[in-house]
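Here is the structure we will look at.
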Amino acid sequence: MSLQVVSAVSNSSLLQPGFSLLNFGGHVFFFGQKGWPKRSCPTGVFLLDIKQNELKMKPAAFSKDSCYLPPLRYPALCTLRDNAEFDECQYIIHGGKTPNNDLSDKIYVLSLVSKNSKKIMFQCVEKDLGGDVPEARYGHTINVVHSRGKSMSVIFGGRSYTPLAQRTTEKWNSVVDCLPSVFLVDFEFGCCTSYVLPELQDGLSFHVSVARNDTIYILGGHSLQNNTRSPSLYRLKVDLPLGSPAVTCTILPGGISVSSAIVTQTGDTEFVLVGGYQSDNQKRLACNTIVLEDNKIEIVERVSPDWTPDIKHCRMWFGCDMGKGSVLLGIPGATKQLISDANYFYILRCKGAEEDKEEEPAAQICSQTSTEDPGDSTPFEDSEEFCFSAEANSFDVDDTDTYNEDDEEDESETGYWITCCASCNIDINTWVPFYSTELNKPAMILCSSGAGHWVHAQCMDLSETMLLRLSEANIKYFCNEHVDLNKGLQTPKKVVHLKKQPMKPLGKKKTMKLSTPMKKSFLRRLFE
């Protein structure tokens, strides 16, 4: 086992706890940034390139028929292969946290559609599920099992927020262990079925699961309820006959009390377990070899690498499987670097140079190596691991197309995240899509007052029907602050006065002449 230092990492501010790496044919892609994506990469998915100890990022695009994929932190991921003879695969993404710290219960399938030197295209499809749909969660695992020519996904573990009926003001955002139920998901029909097994008594999160054929082995994990790391080793066996599936669980001896451990495959049936925690404030520096055979698992201790003093003395560390027997490890470097979120990275190679060759994986690994943000329920939550699951190769990436965060426009003052009016409540850290046409940025409309300025449609209280009508029709729009002013400045419309036709006289009026005696008589009667 050899340890190599990655001396320079660019754009490290995007690499926050909880992100994931996806490996498509040896090419590594970043997914799951902490904030909402910016205009430079609206999908939030980047191609990563580690070359000469420097990390570069190239934005990836989604096809037009893709659904919206929010940046999810701490999700459960696994690969889904249609044919083991080909290297093409899809990624199943379930659960995780959105930038607003909302938990997702959706499940997505991400596929690589095309890749060339200039453009990378993905397709993302959201799967509709029915039946016993798993609740929104994070820190769990998902695996694919194969039995009798059928395939199903298995979801287990994780954490979720306290139910609304049980929340208090002091602990409104507190998290709890999910119930220890096993969920089978049939992607062909979109059906979910939950199983309660007597052997699984406590909820687990940030555990390790390794699947081979119809069997899943669950190792370690942390329980919030008991604040313990389970020493048990569970074997889940899934049988998929023509009728209802059957799930059985067996508790095996020889488990390891560890959480947030990392597993990497070094051979057809051999794996290496490294990293993790054996207590809240104590790292586990020992390494183990795991050998899987038919209905049998063997775990033995192996020689650990020569850890550097920085790794030995740091309070926490993080990392994940990079594939092909390599693990990416990191330690915080806030005390030694000017950038507070900067970290030191290492590549741990568990195979020798003569063994480092292309192999078709015969088993599937899913380890949750990312813990919670600081300030949550237990001290263990401060360990903040990243999720890495791909090998760092040197790719043919054009330097001109790589992502440079310094080129990103400051969207807190300009762009979509401006303060458009006095009552504007659009914030980049808390915004969620409001209209069906929105993806990763708020809808805006141009006010035609003066030189013109942009305002958020949501702040103007525009309905979706009105917004679509204004965008399709060639109509000038004035925001709420300028609509009255615009009316006052408008030139009054010319009023057409109707000409009145003079009325024709009915005829010459006849007057009656009174004699003098009659006038006197009339006046006397008037004043009597």
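The values are calculated or read from the model by the stated rules, or taken from the named source; none is laboratory data. Keep in mind that what you see is a predicted model, and the values were worked out from it rather than measured. Heads up, the Cβs are rebuilt from the backbone with ideal geometry, glycines too, and the neighbour counts pull from every protein chain shown. Accessible surface areas use protein heavy atoms only, side chains included; no ligands, DNA or RNA. Shrake-Rupley method; radii C 1.70, N 1.55, O 1.52, S 1.80 Å.
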Margin query: Is there a quick way to get the dipole size of the stretch 2-267? I mean about its Cα centre, with the Cβ of Lys and Arg at +1 and of Asp and Glu at -1; what is the value in debye to the nearest 20?
Written below: 900
Check: Picking from Leu252, Gly44, Cys178, whose Cα lies most toward the positive end of the charge dipole for the stretch 2-267 (charges on Cβ: Lys, Arg +1; Asp, Glu -1)?
Finding: Gly44
Checklist line | Positive dipole terminus of the stretch 2-267, leading residue within Leu15, Gly221, Thr169 (C-beta point charges) | finding: Leu15
Notebook entry, point to check: Per residue, what volume in Å³ does the convex hull of the Cα atoms of the stretch 167-301 enclose?
Noted result: 145
Check: Taking a 1.4 Å probe, which of Thr193, Thr266 shows the most accessible area, and what order do the others take after it?
Finding: Thr193, Thr266
Margin query: Cα atoms only: what Rg and Dmax, in Å, come out for the stretch 2-267?
Written below: 19.1, 55
Item checked: Residue-level accessible surface for Ile256, protein heavy atoms, 1.4 Å, Å² -> 20
Notebook entry, point to check: Once the other residues with Cβ under 12 Å from the Cβ of Thr193 are scored (Lys, Arg +1; Asp, Glu -1), what is the net sum?
Noted result: -2
Item checked: Trp417 - accessible surface, heavy atoms, 1.4 Å probe, Å² rounded to 10 -> 20
Next item on the list: Please sort 94-105, 218-229 by packing, taking for each peptide the average over its residues of neighbouring beta carbons within 10 angstrom, highest first.
Entry: 218-229, 94-105
Notebook entry, point to check: Nearest 20 debye, what's the magnitude of the dipole of the stretch 147-264 about its Cα centre given +1 on Lys and Arg Cβ and -1 on Asp and Glu Cβ?
Noted result: 160
Next item on the list: Return P(r) of the stretch 230-311 (all Cα-Cα pairs; 10 Å bins starting at 0; whole %; ordered from short to long distances).
Entry: 15, 40, 29, 12, 4, 1
Next item on the list: With a point put 7 Å past each Cα toward its Cβ, work out how far Lys64 is from Asp128 in nm, to one decimal.
Entry: 2.3
Checklist line | Charge tally in the Cβ shell below 12 Å around Val455, where Lys, Arg are +1 and Asp, Glu are -1, Val455 excluded | finding: -2
Next item on the list: About the Cα centre of the stretch 209-315, how large is the charge dipole given +1 on each Lys and Arg Cβ and -1 on each Asp and Glu Cβ? Please answer in debye to the nearest 20.
Entry: 380
